[in-house]
Structure formats: C-alpha cells, structure tokens
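Bear in mind these aren't lab numbers, they're just calculated from the coordinates by the rules spelled out. Owing to the predicted nature of the structure, the values given are computational and were not obtained by experimental measurement. Cβ coordinates were reconstructed from backbone atoms using ideal geometry, including for glycine residues, and neighbour counts include every protein chain displayed.
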C-alpha cells in the first residue's frame, strides 16, 4: 500500500485491464457460477425439491442445466 502523501488525487486510479485478461476473468467467473449453480440444483434435487430446482434452472438459463425426472442434466441447445 502507498502512503497517503504519495497518492496523487488527480490520477484516475487503476489502469484498465487488457482485453485478453478481462475476457479470461469473465470466462472464469462464468464457469465458477455454472459449477456453483449445478451444486445448488443437485442439492435441491437430493432434498426432493424438484419444483424449486426447476424454477432455479429456469431463472438462470446461462448455467445450461435443466431438471429431468429429478436429475440435473446439461441442456443441449438445438442446432
């Protein structure tokens, strides 16, 4: 950390991330959210909360999962 006296109040702050690094971070965050979503859906199905799991899967279609017969399955896009 910098000392308060060394901070220039007129600078904009952090320099922006390069496009490649920003895209990498965004893809990592999306993958993490997808994995966490799967775990939530799986736990709801394990508890017998199939309707709630279906609602959650429908609320977050970016996760790419759906509930079929109480099982979390990856949704395949129609070509």
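Tabulated data for the structure shown
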item: Using alpha-carbon coordinates, inclination of helix 50-59 to the longest axis of the chain, degrees; result: 40
item: Which label in [x] 28; [y] 55; [z] 43 gives the computed percent of Cα pairs over 19 Å apart; result: [y]
item: Candidates 14, 42, 22: whichever shows maximal mean-square fluctuation once the chain is modelled as a Gaussian network with Cα springs under 10 Å; result: 14
item: The stretch 1-46 shape via C-alpha gyration tensor axes, a/c threshold 1.5; result: prolate
item: Extension gain from residue 14 to residue 29, taking 0.36 nm per residue of separation minus the Cα-Cα distance; result: 3.3 nm
item: Zone of residue 49's modelled label, taken as backbone nitrogen in the stretch 18-34 under 20 Å from a point 7 Å along Cα→Cβ; result: 33-34
item: The chain, relative contact order [Cα under 8 Å, separation at least 6], %; result: 20
item: Inter-label distance for residue 38 and residue 60, nm, one decimal - labels placed 7 Å from Cα along Cα-to-Cβ; result: 1.3
